[in-house]
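Please treat every number below as a calculation from the coordinates, not as lab data. Remember, predicted model here, so these are calculated numbers, not experimental data. Cβ atoms come from the backbone with ideal geometry, glycine included; neighbour counts cover every protein chain shown.
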Amino acid sequence: MATKENKQYWMCQDAHKTLAAFCTKSDTFLHDYVAQTKHGDLTIGISTDRLTRGQVPTITLFCRFADPASAKAAGWDCNPHTGKWNKHFLDSRQVHNIITVIKDMSVCGQLQS
């Protein structure tokens, strides 16, 4: 049976692999990837939350839209001034679903080779 730490590790690895397929690598300290979207560049960072006994493993995506007004108008619940949008996920399906949404709104919308 997988431990919580193992589950969290593989969730994080899957997120990195999926994002790397259509994003470029970021050169900033806080974010791992950049997706070119219809709302400007979306920088994305991935973090695993520290587990304490009894907690469910989670992954957090730290995101920032370059054009917050456009992202807000499209329905993203980001900060209207900074474009910041952070989301915590409890399982890999949730992570996969939101990454699919990000991929679908990307300008290229396709996997890079």
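Using the Karplus curve 6.51 cos²θ - 1.76 cosθ + 1.60 with θ = phi - 60°, work out ³J(HN,Hα) for each residue of region 92-106 in order, rounded to whole Hz, and write x for Gly and Pro.
5, 4, 5, 4, 4, 4, 6, 5, 4, 5, 4, 4, 5, 8, 5
Sort Thr37, Thr48, Thr58, Thr28 so the one with the fewest other Cβ atoms within 10 Å of its own Cβ comes first.
Final ranking by Cβ density, sparse to dense: Thr28, Thr48, Thr58, Thr37.
Starting from the Cα of Lys25, draw a straight line to each of the lysines and keep only those under 26 Å, dropping any in the same chain fewer than 8 residues away.
Reachable lysines: Lys7, Lys17, Lys38, Lys72, Lys84, Lys87, Lys103.
Using alpha carbon coordinates only, what is the Rg to Rh ratio of region 4-105, with Rh defined as the Kirkwood radius?
0.98
Using the 10 angstrom Cβ neighbour count as an exposure proxy, how do Met105, Met11 rank, fewest first?
Met105, Met11
Got a sec to turn the phi values of region 67-80 into Karplus ³J(HN,Hα) couplings, 6.51 cos²θ - 1.76 cosθ + 1.60 with θ = phi - 60°, whole Hz, x for Gly and Pro?
For region 67-80, the Karplus curve yields 10, x, 4, 5, 5, 4, 5, 8, x, 6, 8, 9, 4, x Hz.
Sort all Cα-Cα distances of region 54-96 into consecutive 5 angstrom bins from zero, then give the percent of pairs in each bin up to the one containing the longest distance.
Each 5 Å bin holds this share of Cα pairs: 6, 23, 23, 17, 16, 10, 4, 2.
Would you mind ranking Ser106, Ser92 by Cβ crowding within 10 Å, fewest neighbours first?
Sorted ascending by nearby Cβ count, the order is Ser106, Ser92.
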